[in-house]
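Just so it is clear, none of the values below were taken in a lab; they were calculated from the coordinates. Given the structure is predicted, the values throughout are model-derived calculations rather than measurements. We place every Cβ from the backbone using ideal geometry, glycine too, and count neighbours over all the protein chains shown.
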Amino acid sequence: MSDYVELHARSAFSFLRGASLPEDLVRAGSEAQLPAMALLDRDGVYGAPRLYSAAQENDFSICPRVGAEITMEDGSVVPLLAATRAGYQNLCQLITEAKLTERPPNLVRPEFSPGIDPHERKRPCFASWDELARFSEGLIALTGDEEGPVRRAWRAAGANAASAALEKLSTIFGCDNLFVELQRHRVRGEDREIKFLADLAATHHLPLLATGGVNYAVPEHRVVADVFTCLRLHTTLDAAGRKLEINSQRYVKTARMMHELFHDLPEAVENSVRLNERLAFTLENLGYEFPTYTTPNGESMDAFLREQTFGYASKKIGALSAILEKQLNRELELIARLKFSGYFLIVWDICRWAREKGILVQGRGSAANSAVCYMLGITAVNPVKHRLLFDRFLNDSRVGKDGKPSWPDIDLDFPSGERRESVIQEVYSSYGRRGAAMTANVITYRGRSTIREVGKVLGFGDDALDRFSSLYANGDFPQTLDLQQQLKMSGIAARHPRAAAMVQLHHYFSRALPRHLGQHSGGMVICQGQLDRVVPLELATMPDRSVCQWDKDDCENLGIVKIDFLGLGMMAVLQDTVELCRKRTDGPHSLDDIPPDEEATYEKIRAADTVGVFQIESRAQMATLPRFKPRNLYDLAMQVAIVRPGPITGNLVHPLIRRRDGLEEPDYIDESVKDLLEPILKRTMGVILFQEQMLEISMTLAKFTGAEAEELRRAMGFTKGGDRLTKALAKLTTALRKQGHKEFVIQKIIQSATSFAAYGFPESHAIGFAMLAYSSTWLKLNRTAEFYASLLNNQPMGFYSPATLLQDAKREGRNLKVNPVCVQHSEWICTVEGEKGIRIGLRYVKGVRESSVQRMLATRREQPFASMDDFLSRTDFTATERRALAAVGALNILSKHRRAALWQVEAAWSEDESLFRLFGKSGDEDSPLAPMSLPERVGADFRGLGLTAGNHPMAQLRSRLTDVLSAAELKSAPNGALVTIAGSVICRQRPGTAKGFVFISLEDETGIANAVVVPSLFERHRLVITQESALKITGHLQNVSGVIHVRAERIESLREANLPAQSSYDFH
Amino acid sequence: MFAVLHIADFALQALLRNEPGSTGNAAALFDGTRKKSLILVANTEARTAGVNPGMTAPQAVARCASLLIRTPQPELEVEASRVLLAVGFTLSPSIEETEPGVCTIDLRGLDVSQHVTRATQAVAQLTLLGLPTTAGIARTPLLALYAAHATRSVLRIDNERNFLAPLPLATAAPSPTLAEIFLNWGLRTLGDFTALPRDEIIRRFGAEGLTFWNRATGGNDRPLKLIRPPQSFSAEMEFEDPIETLEPLLFLLRRFLDRLSLELSAAQFVAVELALDLDLENDTHYARTFRLPEPTGDVEILFRTLHTHLESLHTETAIVGLQLRIIPARPLVRQQGLFETSLRDPHGFAETLARVAVVVGSDRIGTPQLKDSHRADAVKLIPPLSVIPPAAEIGVHPPLGLPLRRFRPPLPVKLEFTGRQPTYLWAEPFHGAIDTILGPWRSSGEWWQHDHTWSRFEWDIALANGGLYRLIQVSEAFFIEGEYD
């Protein structure tokens, strides 16, 4: 056993300070055979769960100690170690207090903490000495490194100041809980300071402690530390000078190295072992408790849950069938036995509150397997009807890492926007600002952001970095070109003296180094006592939000229950549509009123008329719908699940389609396992499509226990790194072999499991989504005006721009009338007019403020505008706003035409000339300006609204494009014909699973035409494809099973057409 | 009457005139100062290919793969401006540098019949000097500018109304707000605009509207902001790519001399001496002065003088910079400044320094200052200070160590090891057994550029036979860096 313990290490979770991931530190500590390591990240315990998990999974047992470096109000930094659980709780509270309490802006002088802006909303931690004293119990303090109070004082003001700083710490922590920290980094002159510190410790009867002051796991990571220093201080490597480290010595060292370094002070090294023995706390005994639900009459939570479940069940269904009653009893009994009743009641209570406030809510995920959840209104899927198994949601053997039953996972979908925010604020108000928080989302360095930020630090010019950003859009997907070629195309040749450094740094950064802490889109954690005793809380960038320092995976690993409050744009659309439909006698008045399984709706789905609907609107989904031909809700669930990176990687799409078409027999991998697999895979004709099937296979074929299957599920859903999945799959392989299965079977199953990782869809989740997809399609077809108005009011969302949605809305068959924006008729939002009409809302007029419009609407409600002069005199739009309204035709009702309105509004007197305003008139009706031509009107619409109520601009060009087929004409062109298509680019996609193929969607006045570009052609025309807003593509037509696309052979810009640029959904 | 000499796409032309092979190629100038690099200017060829100002580099290259991408070079623009003004002075002593690439000339005093002829000569001369130029002659400076914009050679405006009507609205440079309003109004030409009622325009846009109305109708006569002919005659240039052959060097020298001789002539000077200074790639300089046998302003004679000498010149490395100075026939009259520096004779000091620089090289002269770097002994030279700054205050922890006398360069040494410990040291002036050793101390840096990366180990050693030294290891080699007193 080593006689040294590293008690002062920083990871990359110190954000721009440490350079290695906690996992790297554990690996390095393990290789150095250190028995324990303490992670002291700056102002937080961000990396502690990762250190804890990595330590547990490592072969060499290394004990993960917890602590943090705390920035004090004077800018000094005090390292603290949690000795006990109370100490840890104090540490969390101290950080929370320091982060949530507003400090005076002049508190920190910049020379002490460069790179820190105390004005930021997400302000850094500046703990006061009083707070440190208040939360000191159970904590052990070190005097710190060069940023520590003692060494800082010594360097700035000499021995007496250092002694005073030490006394300040000593008063708080006493002689037992304070160590004088010594670090040696092989820097000339450091011995003078060490000698002083040793003498100072002797004078004050304090023990010495040698630490590595670790900033990175291995010396190679020093380059990252240097880049972080530059990013923190907003400088470049060339200009940073002595702000960079002098050498690469702050890595994890072995006991032998530390003894060699401190041969003159051996007790300092030995004390690390003694101190470690006093540290009794690890994250294993976190002490987290989920809140209990307070029942109204003091009855038990179990009884109350039962009462509510059956109460709602009889209201919802009436007389219960024996099967359903049995199922409810079974679920309630299990929930009670696992002590989860409180959890269910709390989720139910949130859903109930939302409904009372008129907010649509629907549970997603595996909760849809629960009849209790269905009855309580948490989910919308009847699991008995859809034969979903409750065990996949909750069972006795689901045990977490800590050996306790693992919490069920209930995610709730709400309409995005203000309605979801009000639910989140309700949770804050119920559990207190320090009893609830959003989970964090660790934003990591990826692709373009790495190149941009590292490139700046390396001193590359903005032009090269801009070019890189333009050429290589965001995405996890592999590029056809390697990084060096990409850099070369951006103007950074391989022989550039710094290109090698860029490639090396990109390699380090692309290992998901944390960049900053964001908040998860909807995950919240709540706690029985105070959440700030479990994990530090800090302010989120969004107002009225706080966020905990751990992300959802960390919370789950530590047994902290997370409830996801997810915002779905489509939920908002559905809610708005239903609210609009309430004015109609034929409804629907709620989503439940939508007739289920209507054939006409499925017919439209099969025809891929799905622009704007939920989930099945993407290009890939639309290309699959005519082949997959969904006929019922379960088909739709499979459709939703099928177009995912996972199943595509596993080559599963085509077999399923072929089997549904009767071209291929269902296949259960092998005769030897057919009897076992058929019951599991029958509904998907032998294809492993859903996560639940994968889990059931692991339990049936590999004889996994519930806990092992649960671990496999988590590994498959774990988003960080592949180690965990690799281990879980190795375990599955071993178990399958142990059961004597053929190697071919094993490989097939492992391949499927691999393809599911991170992307696999739970069956219940897919059914939930399918319901939303069905409902939105039904509304699109049957309540077209209400649906499109709501869709336009909830932008941006989905795949398509408002312009494309509006063109789709007007396509044949729908007979929808789109009325242009008008000050006399439009509201702020888009509204329904008559049976089949929508009126574009003033929210779409660019440059017009909502407040001005709302005042105008209030005025209009008093009395409609009689004339332009009346309008101008009764509204307070600015000159710019008036012009914007006139240019898009919103004032046409008060004028002869747009230009006449533009002429008139310029004559309106400004506020500064209010006297003249009484007399001034906007001018005569006789505007000297000629009316706008049609192309001018379309151009003005796109500039001022981003869409047009009129025809697609391609319609004006049609007569000039004699050799071009429209999107509609493609349907009747023969398969294999050489055709040319043209239009505005609305989508460029390059899915990683498509082996470098690029999909381009072009929109014209008749619809959307799709083209496929092979990688070599894409690389030849990369710039034309990615930069031009309108294209002309020639190639051979593929028209198979109703799926039509052009295999591009020639790609040209359509710039002579001068089409207005539309927004495009890009991923390349 | 006024004439305007106008160089279209000035910043780009100023750059391309020094690239003989660039003629006829599409080229664009990018703004390298903003976050996003956008096209500032595109030449006619680029615009024909669909490349327009405001585009990003990828957008531009998507439309024209062979596009020459350049960034502004202010020193070349200054040079081109000086050429333009020098030619302007050949028309009249009353000229104005209205904006970069635009020179306005007051033609009063010049015979009307000569206006077009002289302007045509000036245009031809500028085109010959690599700056395609147009000229306009009209009643007002603004109108002359419009004329220069509207023509491809020389245009004299007699019928103003007919001339102005078809011109694009942008000719009169409306503010962005006005431009957007007029675009929405559907106005395309100045004629479209002036067809509107003037009072209604003033009512709508007030003073701004009136100003624009005046601009749209050709503006008013106005006094020019006259400039004086230059009083010193020099030219210089640094090359992005080193020059290795005589041809491009002569090309540039000819360009410089063309301009300088025009300036000399405008100021009524002649050259008595030429001073040529070449910066070489190996950080050395080549300097030479040429005393002319007889003072002259003839560009051919001046060029021949240089040409003859350069033909026989061989430098060790390529040329990276060039300065040419002409000493005029009349002595330079210098007015004393209001504030004296602390040097008694700053002019003499500067001259002495310049002479020293010729001997040792200009980059090897200055006041040494420690660099902000962990690299040992890293210094840079800053321009010599005329005033010695006061000494810095002693810090909280004054340096305690012994003074180190450095060996420059460090002495290579051989070491004998016992195990991993060096025990004996050989250097040329001394050797002996190592008695005590402290260290190592490690330092490294500049890892981001492979040819600058450094790394070293340091020890302090005491030899048994006396002497304290600093031992360093760089790569595999050991050196004594210095001796402690």
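Some points to look at:
- For q = 0.16, 0.17, 0.24, 0.26 Å⁻¹, Debye-computed log10 I/I(0) when each Cα of segment A:923-1006 counts as one equal scatterer: -0.82, -0.88, -1.20, -1.26
- Between helix A:222-233 and chain A there is an angle of about 70 degrees, using the helix long axis and the longest principal axis of the Cα atoms.
- Label-point separation in nm, B:Thr423 to A:Cys63, each point 7 Å along Cα→Cβ: 4.4
- A:Glu260 paired with A:Glu277, simple spin-label distance in nm, labels 7 Å along Cα-to-beta-carbon: 2.7
- Here the extension length gained between A:Glu418 and A:Glu325 equals 29.7 nm, from 0.36 nm per residue of separation less the Cα-Cα distance.
- Each DSSP beta bridge with both residues in chain A is either parallel or antiparallel, and the antiparallel ones are about 65%.
- Taking the square roots of five times each eigenvalue of the Cα gyration tensor of segment A:730-857, the equivalent ellipsoid has semi-axes of 51, 17, 11 Å, listed largest first.
- Based on the Stokes-Einstein relation at 25 °C and a viscosity of 0.890 mPa s, and on the Kirkwood radius from alpha carbon pairs, segment A:287-326 is assigned a translational diffusion coefficient of 204 µm²/s.
- Shape box of segment B:39-186 [Cα atoms, principal axes, largest first, Å]: 52, 40, 22
- Remark: the B:Ser234-B:Glu99 segment gains 46.4 nm on full extension, using 0.36 nm per residue and subtracting the alpha carbon distance.
- Trypsin sites (Lys or Arg not before Pro) restricted to segment A:481-556 and DSSP loop, no more than 16 other C-beta within 10 Å: A:Arg495, A:Arg511, A:Arg545
- Once the Cα gyration tensor of segment A:534-573 is diagonalised, semi-axes √(5λ) in Å: 23, 16, 7
- Violating pairs (Cα-Cα greater than 21 angstrom) within the set A:Lys339/A:Lys731; A:Lys315/A:Lys780; A:Lys315/A:Lys385; A:Lys810/A:Lys971: A:Lys339/A:Lys731; A:Lys315/A:Lys780
- With Cα atoms as the point set, the radius of gyration and Dmax of segment A:973-1054 evaluate to 11.8, 33 Å.
- The C-alpha atoms of chain B define a longest principal axis, and helix B:176-185 lies at about 40 degrees to it.
- Estimated FRET transfer efficiency when R0 is 22 angstrom, pair A:Lys316-A:Glu598 (beta carbons, to 0.05): 0.50
- Separation of alpha-carbon centers, segment B:250-296 and segment B:442-476, rounded to whole Å: 48
- Segment B:152-202: trypsin sites (Lys or Arg not before Pro) in DSSP loop, at most 15 other beta carbons within 10 Å: B:Arg152, B:Arg188
- The Cα atoms of chain A cover 94, 83, 70 Å along the three principal axes, with the biggest extent listed first.
- Modelled spin-label separation between B:Asp372 and A:Asn382, with each label point placed 7 Å from Cα along the Cα-to-Cβ direction: 7.3 nm.
- Separation of segment B:65-114 and segment A:544-575, taken as the distance between their Cα centroids, equals 65 angstrom.
- Mean residue ellipticity (222 nm) of chain A, computed from DSSP H runs ≥ 4 via -39,500 (n - 2.57), nearest 500: -13000 deg cm²/dmol
- Over 14 Å [Cα-Cα, segment B:278-317], rounded percent: 55
- Look at B:Val83, B:Val112, B:Val356 and count the other Cβ atoms within 10 Å of each Cβ; fewest to most, that gives B:Val112, B:Val356, B:Val83.
- Once the C-beta distance of A:Asp876 and A:Ala607 is scaled by a Förster radius of 41 Å, the resulting FRET efficiency is 0.25 to the nearest 0.05.
- Against the main long axis of the alpha-carbon atoms of chain B, helix B:141-150 sits at an angle near 80°.
- Exposed loop sites, defined as GluC sites (Glu not before Pro) outside DSSP H, G, I, E and B with at most 10 other Cβ atoms within 10 Å, are absent from the longest region of chain B, namely B:1-315.
- Based on the reciprocal of the average 1/r between different C-alpha atoms, the Kirkwood radius for chain B equals 28.4 Å.
- Across the alpha-carbon atoms of segment B:181-265, the computed radius of gyration and Dmax are 24.4, 65 angstrom.
- Checking the Cα-Cα distances for A:Lys846/B:Lys36; A:Lys562/A:Lys703; A:Lys488/A:Lys846 against a 31 Å cut-off, the pairs over it are A:Lys488/A:Lys846.
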